[in-house]
Amino acid sequence: MIRPALPEDASAVAPLLILAMDHIAGIFAKSDNYEDAVPFFRAFFKAGGNQYSYANTLVFEVETGVVGSVTGYDGARLHELRKPVLDRLHESDPDFSPEDETEAGEFYIDCVNVHPNYQGKGIGKKLILAFCEKAASLGFQRVGLIVDQVNLQAKKLYESLGFEVAGEKDFLGHRYFHMVRNAW
């Protein structure tokens with residue numbers, strides 16, 4: 001079942017955010033062990049008013065709990081929603097300044113992932129399509145995301161869901177495809 005996330009989903013969703021973020025989680029945690037970022041993401045997920053908040057997340061829940069999530073928001077709000085995260089990161093690295101990965105005019109998928117034990121069952125696709133439906137219900141015409149250019153499997157998945165490459169973006173040391181699709 002797909003539902004809006006709740007603050008109490010933080011313990012299940014934080015590790016999913018790390019799976020989705022890969023090397024970016026290591027940057028945030030200042031560690032090669034991405035699991036060190038779990039407390040960081042758990043705290044921001046529980047809070048409102050930031051890009052990783054439960055308020056911006058849909059979860060996929062089975063009998064045993066949450067096994068997938070998709071987090072995203074209005075691309076025009078990136079700087080506003082990123083500010084609390086940057087404020088925290090600037091405590092240890094005042095010069096940290098990531099590029100913009102989204103833009104106004106699109107409802108942006110920031111993170112989507114499924115627990116490894118549940119991958120290959122269509123859960124990720126269902127979450128992405130539910131996110132697109134949410135975007136349409138909010139009046140957005142376009143949904144966007146970025147996918148690392150070395151992750152061709154993910155690119156293929158997004159293409160199967162109607163996303164097309166609209167350009168390229170540099171973000172935190174990697175080159176990404178910027179992909180978009182109609183929200184409806």
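If you filter region 82-93 down to residues that are surrounded by fewer than 13 Cβ atoms within 10 Å (Cβ to Cβ) and of a type in the set (D, E, K, R), you find that the one that is nearest to VAL143 (Cα to Cα) is ASP87.
Among the residues of region 46-81, those identified as crowded, with 18+ Cβ neighbours inside 10 Å, in contact with a helix residue (DSSP H, G or I) (Cβ under 9 Å, 6 or more places away or on another chain) and without any contact (Cβ under 8 Å) to a residue 40 or more places away in the chain are LYS46, ASN50, SER53, TYR73, LEU81. Taking region 3-26 as the range and being under 13 Å from the mean Cα position of the chain (by Cα) and at pLDDT 95 or above as the test, only VAL13 passes.
The set of residues in region 167-184 that are surrounded by 15 or more Cβ atoms within 10 Å (Cβ to Cβ) and either of a type in the set (Gly, Ala, Ser) or in contact with a Phe, Trp or Tyr (Cβ under 8 Å, 6 or more places away or on another chain) (or both) comprises LYS169, MET179, VAL180, ARG181, ALA183. Restrict the check to region 105-119 and report whether at least one residue is aliphatic (A, V, I, L, M) and more than 14 Å from the chain's Cα centre (by Cα). No, region 105-119 contains no residue that is aliphatic (A, V, I, L, M) and more than 14 Å from the chain's Cα centre (by Cα).
Annotation note: of VAL38, VAL85, the sole residue that is of a type in the set (Val, Ile, Thr), modelled with pLDDT under 95, farther than 25 Å from ALA154 by Cα and in a helix (DSSP H, G or I) is VAL85. Residue check: is LYS125 at negative phi, over 15 Å from the mean Cα position of the chain (by Cα) and not acidic (Asp, Glu)? Taking the combined requirement at face value, the residue does not satisfy it.
Among residues belonging to region 94-113 that are among the hydroxyl-bearing types (Ser, Thr, Tyr) and closer than 19 Å to PHE140 by Cα, point out the one that is surrounded by the fewest Cβ atoms within 10 Å (Cβ to Cβ). Show your work before the answer.
As a first pass, look at region 94-113 and keep what is among the hydroxyl-bearing types (Ser, Thr, Tyr): 97, 102, 108.
Subset that is closer than 19 Å to PHE140 by Cα: 102, 108.
On the way: THR102: 25, TYR108: 28.
Only one residue fits best here, namely THR102.
Anything in region 30-59 that is farther than 13 Å from VAL85 by Cα, of a type in the set (A, V, I, L, M, F, W, C) and more than 14 Å from the chain's Cα centre (by Cα)? List them, or say none. Of everything in region 30-59, just one residue is farther than 13 Å from VAL85 by Cα, of a type in the set (A, V, I, L, M, F, W, C) and more than 14 Å from the chain's Cα centre (by Cα), namely VAL38.
Restricting attention to region 117-160, report how many residues are of a type in the set (S, T, N, Q) and either within 15 Å of THR102 (Cβ to Cβ) or crowded, with 20+ Cβ neighbours inside 10 Å (or both). The number of residues fulfilling the criteria is 1. What are the pairs with Cβ atoms under 7 angstrom where one residue, in region 1-28, is more than 23 Å from GLY173 (Cα to Cα) and in contact (Cβ under 8 Å) with a residue 60 or more places away in the chain and the other, located anywhere, is assigned to a strand (DSSP E or B) and hydroxyl-bearing (Ser, Thr, Tyr)? Sequence gap at least six, or different chains. Matching pairs, first to second residue: ALA5/THR57; ALA5/SER69.
If you take the residues in region 128-176 that are among the small types (Gly, Ala, Ser) and under 16 Å from the mean Cα position of the chain (by Cα), which one is modelled with the lowest pLDDT? Steps first, answer last, please.
First, the residues of region 128-176 that are among the small types (Gly, Ala, Ser): 130, 135-137, 139, 144, 154, 160, 162, 166-167, 173.
Narrowing further to those that are under 16 Å from the mean Cα position of the chain (by Cα): 130, 135, 144, 154.
Working: ALA130: 97, ALA135: 96, GLY144: 96, ALA154: 90.
Among those residues, the one meeting the criterion is ALA154.
Condition check ((1) assigned to a strand (DSSP E or B); (2) free of Cβ contacts under 8 Å to residues at least 40 places away in the same chain; (3) in contact with a strand residue (DSSP E or B) (Cβ under 6 Å, 6 or more places away or on another chain)) across all residues:
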{"site": "PHE131", "(1), (2), (3)": "no, no, yes"}
{"site": "VAL143", "(1), (2), (3)": "yes, no, yes"}
{"site": "VAL150", "(1), (2), (3)": "no, yes, no"}
{"site": "TYR158", "(1), (2), (3)": "no, yes, yes"}
{"site": "GLY167", "(1), (2), (3)": "yes, yes, yes"}
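The values are calculated or read from the model by the stated rules, or taken from the named source; none is laboratory data. Since the structure is predicted, the reported quantities are computational estimates derived from the model, not experimental observations. Because the Cβ atoms are built from the backbone with ideal geometry, glycine has one as well, and the counts that use them run over all protein chains shown.
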